[in-house]
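Values in this text are rule-based calculations from the coordinates and carry no lab data. Everything numeric here is computed off the predicted structure, so don't read it as measured data. Here Cβ is always computed from backbone atoms with ideal geometry, including for glycine, and neighbour counts include all displayed protein chains.
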């Protein structure tokens, strides 16, 4: 005897597969770029997924309406951001302003290409002297 799936079982199976694939649908992170002074750019609805890194979020912000441009060198744990919207790191010294990032207000301790984000995280880039 050949067993054929019943339409209702098949429909439920397809529905379960669709739901499983969209378990994170609607979850987002926010990206904030603080250039110093009054200029700030904010991207409220960066789509979150399992394994999303700060670099991935930046790539989404780049594609957004009125997005950003950014440059970096290296990859993975050695990736280093060098500029956002043409504003370049200034180098060392007490007054040298550079791009640093925080996640939920805490200074990051690893490369932005390796730092994974959670849903609802806020990724903030600041152009300022280190520690400010």
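Does residue 46 satisfy the condition of being under 11 Å from residue 29 (Cα atoms) and touching a helix residue (DSSP H, G or I) at 6+ places or on another chain (Cβ under 7 Å)?
When the stated conditions are applied, residue 46 passes them.
Quick one: count up the residues across the range 27-60 that are in a helix (DSSP H, G or I) and in contact with a strand residue (DSSP E or B) (Cβ under 8 Å, 6 or more places away or on another chain).
Residues meeting the conditions: 5.
Which ranges mark the strands (runs of 3 or more DSSP E) fully within the range 61-132 that have 1 or more residues being surrounded by 14 or more Cβ atoms within 10 Å (Cβ to Cβ), in contact with a helix residue (DSSP H, G or I) (Cβ under 9 Å, 6 or more places away or on another chain) and free of Cβ contacts under 8 Å to residues at least 40 places away in the same chain?
Where strands (runs of 3 or more DSSP E) fall fully within the range 61-132 and carry at least 1 residues being surrounded by 14 or more Cβ atoms within 10 Å (Cβ to Cβ), in contact with a helix residue (DSSP H, G or I) (Cβ under 9 Å, 6 or more places away or on another chain) and free of Cβ contacts under 8 Å to residues at least 40 places away in the same chain, they are 70-73.
Tally time: how many residues in the range 49-60 are exposed (fewer than 14 other Cβ atoms within 10 Å of the Cβ) and touching a residue at least 60 places away in the same chain (Cβ under 8 Å)?
1
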